[in-house]
Amino acid sequence: MDSNLILECFAGTLQADPNLRNQAESKLKELSVSPGFLGACLDVIDLSSSPVQAKKAAAVYFKNRVIRYWEAKDSQYKIDQDEKPIVKERILPVIINADYNIKQQLIPALRLLVALEFDNWDGLLDQTGQLLQSENSEDHLYTGMLCFAEITRKYKWVGNEDRQNKLYPIIEQAFPHLLSIGGVILNTEMTELRAEILKLILKSYKFVTYYDLPEPLRSKDAVISWGEFHGSVINMTPPSYVLGTNISEQEKSFLQISKCYKWAIANIYRLFIRYASTKNLTKKYDYKSFHQLFLNDFIPHFITQFLSIIEEYCQGKRWLSTTALYQLLEFLSHCIVEKSTWSLIKPYFETLVTHLVYPIICPDDQILEIYEEDPQEYINLSFDQTSEYDSPENAALGFIATALYKKPKTTLPCISTFIYQQLTELQQQPEETLEIAKKKEGALRILGSISGNLPKDATIEPMLASLVVPCFASKFEFLQARTIEVVSQFCDVPFSNQETLSAIIHGILRNFDNSEASLPVLFESALSIQAFMVKDEFKQVLSNIVLPTMSKLLDLSNEIDNDAISVVMQDCVENFSEQLQPFGVDLMGKLVQQFLKLAHEINEASQADVDDFDGNYDDQGDKAMAALGFINTMITVLLSFENSREICIKLEELFSQAINY
């Protein structure tokens, strides 16, 4: 196929004129089913005279076509069988010559080809081996590591019995050389490309050890050499290009060097929990000699190394990426579980809580900026522990949760005493500055996380009255939101002092009724309304304002896609159906409108053309859950008014609009 014609088409898709663009796209779709099309795409990518944007467009089209139609049998767009060997033969040389951004577009296609064609890809291993020997050319070495990582990925979920004949020779031949490559990189000036090669070495090790532990990597020599390599990566000094930049920590976490730290720690953690723990997942992976060697000789050294790194980090002498922090905390959490390792970190537990966990949980300037600019995202990050499961904050809270679950007698007094002392000290400050408010928020967040472990005795109520309730009046709304969230964790406390309970009730309802309150404050107030519905005193106060409260909940549900608001409305309907009867038809109408709005948005998103997908999209999961929440609330409204035939008929008419959609 004429590659110049293909180049013209890709150039046409970049035109500003929509007519020219549509013509070019139609022509490409027509040509894409012709034999030789994928080869022509590779020509465009490989041709030095091709414009950069046209190369990128060709790479994206090539990737999408390979991924969608490589195995297609009945589709009219299936790839010609005679072209497949040509694609396999050419893809690695094209990746070598392509610039970095084009390489990234071609990697998913390479991944699929290796996964599907490895057994029938003659010469792939030899070609990869030659590239790995090209230590004088980083482009060749990088491409070789890309390909080798994909080869090892193929065996990630395969047990040794089913892979040993093919994988073991690869490990025996290639893995010592990978250590050599890694050693050279660690002893030269670090760049992002070298860091990515290092990351690919670590990921290759991860892939072959993730599900089962290959025999060649269980020998003492292999355990020592790979253990030392991982330790060297973890201990390497962060390069100057990371320390000398002003980019955010989130942006730094995307750097390849950050991923090196992450995967080095993650690999050790994975080996620890899967093959060196007291309770293995299954006897099948109970490799006793490795277990004893790794647990007795390596883990203590890693713990010492990790504690040293953490000490430097806490003193401000060392940078750690957020992803590395997460993995470190996960590792330390598992150390609590294991008897032999708990004895090693027990002396440092209080220090870890005070100097590592607590500062991580306190909000930083970046999260407070999100509070101002994107309050819904702030809610997801700060109140929903499932939104970013791999954040250091969640790992820090997980560390506390594990400690309280596994070693409550030792750790609960330590944590609760620290929080009490911290809040007392902060409350005594003459002025509440931003820094003090941040520390209060962090302490309250820990208090909320341990609330289920605290005894519901006479000490809780005075603590809430003196250290938590005053935070309702903070001038910082992020602290107000956290205060409301924390008091809801203590809704089952048997209050003896009605003044304390009254202060909490009015603190919640006053914030919810505040027309100028921020979205997080309103959201947490709404959830607290549901939490305190178990208190008769609260229900009595709420019964007098349930109509405006329901109206406010409806408005709030229109601002935030969260099914939790629907659950609050359901509880209000169930508890105050009599008071809400005059509002029933209007309530159902608004619920139907909001459901239809969400359903329409979800439907629109589902119509997107997969060929136009560029990796950026809005997750519709929250919208779908919120829509289901509206359905449940509508059903609750129907059931609550089923004894009023006249109203029920009107409600069913409105509800039918949602059902018919």
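Below is a table of values for the structure above.
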| quantity | calculated |
| --- | --- |
| Residue check for SER387: at pLDDT below 95, closer than 30 Å to SER557 by Cβ and crowded, with 22+ Cβ neighbours inside 10 Å | no |
| Some residue of region 531-546 being crowded, with 18+ Cβ neighbours inside 10 Å and within 32 Å of the chain's Cα centre (by Cα) | yes |
| Residue satisfying condition, being surrounded by fewer than 16 Cβ atoms within 10 Å (Cβ to Cβ), part of a helix (DSSP H, G or I) and touching a helix residue (DSSP H, G or I) at 6+ places or on another chain (Cβ under 9 Å), within set TYR378, TYR405 | TYR405 |
| First in region 555-579 and touching a residue at least 40 places away in the same chain (Cβ under 8 Å), second anywhere and assigned to a helix (DSSP H, G or I) and surrounded by fewer than 17 Cβ atoms within 10 Å (Cβ to Cβ), Cβ under 6 Å, 6 or more apart | ILE560/GLN376; ASP563/MET625 |
| Positions within region 175-187 being surrounded by fewer than 18 Cβ atoms within 10 Å (Cβ to Cβ) and either within 15 Å of PHE148 (Cβ to Cβ) or modelled with pLDDT under 95 (or both), in sequence order | PRO176, HIS177, LEU179, SER180 |
| Among residues of region 187-212, those that are within 25 Å of the chain's Cα centre (by Cα) and without any contact (Cβ under 8 Å) to a residue 60 or more places away in the chain, counted | 7 |
| Contacts under 6 angstrom Cβ, first residue in region 60-75 being more than 12 Å from LEU113 (Cα to Cα), partner surrounded by fewer than 16 Cβ atoms within 10 Å (Cβ to Cβ), 6 or more apart | ASN64/ASP611; ALA72/LYS78 |
| Residue check, SER321 without any contact (Cβ under 8 Å) to a residue 40 or more places away in the chain and either within 18 Å of THR351 (Cα to Cα) or crowded, with 21+ Cβ neighbours inside 10 Å (or both) | no |
| Residue satisfying all of: in region 426-463; out of contact with any helix residue (DSSP H, G or I) (no Cβ under 9 Å at 6 or more places or on another chain) and of a type in the set (D, E, K, R); farthest from THR500 (Cα to Cα) among these | GLU435 |
| Subset of region 555-602 that is under 36 Å from the mean Cα position of the chain (by Cα) and among the β-branched types (Val, Ile, Thr) - its residue that is farthest from SER644 (Cα to Cα) | ILE602 |
| Any pair with Cβ under 6 angstrom, 6 or more apart, that starts in region 637-661 at a residue that is farther than 24 Å from LEU598 by Cα and ends at one that is among the polar types (S, T, N, Q) | SER640/SER577 |
| Residue within region 478-489 that is surrounded by fewer than 19 Cβ atoms within 10 Å (Cβ to Cβ) and among the basic types (Lys, Arg) present | no |
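The values are calculated or read from the model by the stated rules, or taken from the named source; none is laboratory data. Remember, it's a predicted structure, so these values are computed and weren't measured experimentally. Neighbour counts run over all protein chains shown; Cβ positions are idealised from the backbone, glycine included.
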